[in-house]
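Structure record follows, encoded as structure tokens.
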Ligand code: PAF
């Protein structure tokens, strides 16, 4: 029988007391930051953290700083009871659920600004996003002080932004990437998939197909500008809007010059279906 009881911490003091007791016992700590509404993609990250560490902390905090005006902060799916039961089944050791007052008390003023991998792609459409993500993740790292933190490749630009932040700000922890977990038709799992109606859900699976065939064309030596234009047209045929479909350097996210892929590449896209905005990416297989 599975024990669905799982310790929660709602304050930094309680979190640190628990982590300190593990450290005193010589145990290592893995950390999975989330905004809740957990799906199998999140749970795979928890398992990955568990594979690297003795203890796992998962945080649940819907971070207002990464939502812009008119975005879905108020409606973002929340289900704390269901999340706790899923995390208990994964033998997560502690759920950290700070509230807004803990993360951003009155007179809070500090926000990170980022360049490098944060420039372009998501930032062109959600300029506030990476500042909000990096700020909350930096705070969470300082609160939890893990040995390892796990982020999904589904949010590939976010993953690179966090890696760069860890390097630039000298955080003493390792970032581990978890592969994207997909539905049977290739749709990347995301809490926001809950916004899709039946028709939109059917169309959503095409995003991965489009990216795979874009990546496949580049792998076979297709001209980058032509392959990108074809992928854009295919996406425009299926989705209500397309923010971007692009190939970028897999390590820096910089654009390739002169219509030619040189070195490891990643294809990335963001599209709109009704109220939902889907993002996805995949590696371009090496030629
Ligand atoms: O990927 C997410 O769910 C969020 O951006 C994160 C990393 C938990 C920060 O709020």
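No lab work stands behind these numbers, since they all come straight from the coordinates. In this text, all values refer to a predicted model and were calculated from it rather than measured experimentally. FYI the Cβ positions are ideal-geometry reconstructions off the backbone, even for glycines, and counts take in every protein chain you see.
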Worksheet item: What do you reckon, is residue 36 assigned to a loop (DSSP other than H, G, I, E, B), crowded, with 20+ Cβ neighbours inside 10 Å and in contact with a strand residue (DSSP E or B) (Cβ under 6 Å, 6 or more places away or on another chain)?
Response: yes
Filtering segment 183-192 for residues that are more than 14 Å from the chain's Cα centre (by Cα) and under 17 Å from residue 38 (Cα atoms) leaves a count of 2
Looking across segment 151-173 at residues that are without any contact (Cβ under 8 Å) to a residue 60 or more places away in the chain and under 16 Å from residue 270 (Cβ atoms), the single one that is farthest from the chain's Cα centre (by Cα) is 161
For segment 43-63 the number of residues that are in contact (Cβ under 8 Å) with a residue 40 or more places away in the chain and near the ligand (Cβ under 10 Å from one of its atoms) is 4
Within segment 13-37, the count of residues that are more than 10 Å from the ligand (Cβ to nearest atom) and within 16 Å of the chain's Cα centre (by Cα) comes to 1
Residue hits (segment 65-81; assigned to a helix (DSSP H, G or I) and surrounded by fewer than 13 Cβ atoms within 10 Å (Cβ to Cβ)) are 81
